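Structure, as structure tokens:
The values are calculated or read from the model by the stated rules, or taken from the named source; none is laboratory data. None of the values given here were measured: they were computed from a predicted structure. Cβ placement follows ideal geometry from the backbone for every residue including glycine, while neighbour counts extend to all protein chains displayed. In case anyone asks, the SASA skips ligands and DNA or RNA and just uses the protein heavy atoms, side chains included. Shrake-Rupley method; radii C 1.70, N 1.55, O 1.52, S 1.80 Å.
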Amino acid sequence: MSESSVDIALKMLDPELPVPSYAHEGDAGADLCAREDVTLEPGQRALVPTGVSLALPTGFVGLIHPRSGLATKHGLTVVNAPGTVDAGYRGELKVTLLNTDATTPIVLKRGDRIAQLVIQRVERARFIQVQELDDTARGAGGFGSTGGFEAATTSH
Ligand SMILES: O=c1ccn([C@H]2C[C@H](O)[C@@H](COP(=O)(O)OP(=O)(O)OP(=O)(O)O)O2)c(=O)[nH]1
Ligand SMILES: [Mg+2]
């Protein structure tokens, strides 16, 4: 199966770090590495530089997602997941990591793969202000209007 791809200019601020790349054909995320060592105490967050800057074409966005293995094994997540990289941004990509573990520090070394970058096409909206919106089956129902877990039900 052939994949569609787009050329995106990328600048490495630290030439010794690996260029983001996809581990397998079909992968959506290219791993980003830490440019510096960082230790996150339990509950601590830190803004971690990746050494990568991009020139995304207009109509694209970069989304910085957590890596599932690090999340599951160590409780490492991205606070603002997915981080939004605007097409016009030319600065260094940085990742706001959070150690959600209650007891164990997370020790990251320069070059460790800390997050993954997903490139997507995006639409820009023209927001048309109106007085009334059209009716739908959902209407204003949300925030659990269709039900939830049994365990989440409070019994009185
Ligand atoms: O995880 C992230 C999120 C954002 N950015 C960069 C790229 C993005 O284009 C810029 C601004 O991000 P965002 O709009 O989310 O932050 P803001 O707090 O709204 O800042 P600004 O006022 O500069 O838009 O910061 C990152 O490097 N990593
Ligand atoms: Mg913003």
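The range 1-50 holds strands (runs of 3 or more DSSP E) entirely within its bounds, and those carrying 1 or more residues that are within 22 Å of residue 87 (Cα to Cα) map to 9-12, 29-33. Could you grab me the full set of residues in the range 88-142 that are small (Gly, Ala, Ser) and farther than 17 Å from residue 66 by Cβ? Result: 88, 91, 102, 111, 125, 137, 139, 140, 141, 142.
Residues that are under 15 Å from residue 52 (Cα atoms) and of a type in the set (S, T, N, Q) within the range 74-95 comprise just one, 84. Within this structure, residue 51 passes the test of being open to solvent by less than 60 Å² (accessible area, probe 1.4 Å), at pLDDT 95 or above and more than 10 Å from ligand 1 (Cβ to nearest atom). Answer yes or no: is there a residue in the range 64-77 that is closer than 27 Å to residue 16 by Cβ, open to solvent by 50 Å² or more (accessible area, probe 1.4 Å) and assigned to a loop (DSSP other than H, G, I, E, B). Yes: one or more hits. Residues that are on the phi > 0 side of the Ramachandran plot and at pLDDT 95 or above do occur in the range 39-47, at least one of them. Among the residues that make up the range 119-142, is at least one of them assigned to a loop (DSSP other than H, G, I, E, B), within 16 Å of ligand 1 (Cβ to nearest atom) and surrounded by 10 or more Cβ atoms within 10 Å (Cβ to Cβ)? Yes - at least one qualifying residue is present in the range 119-142.
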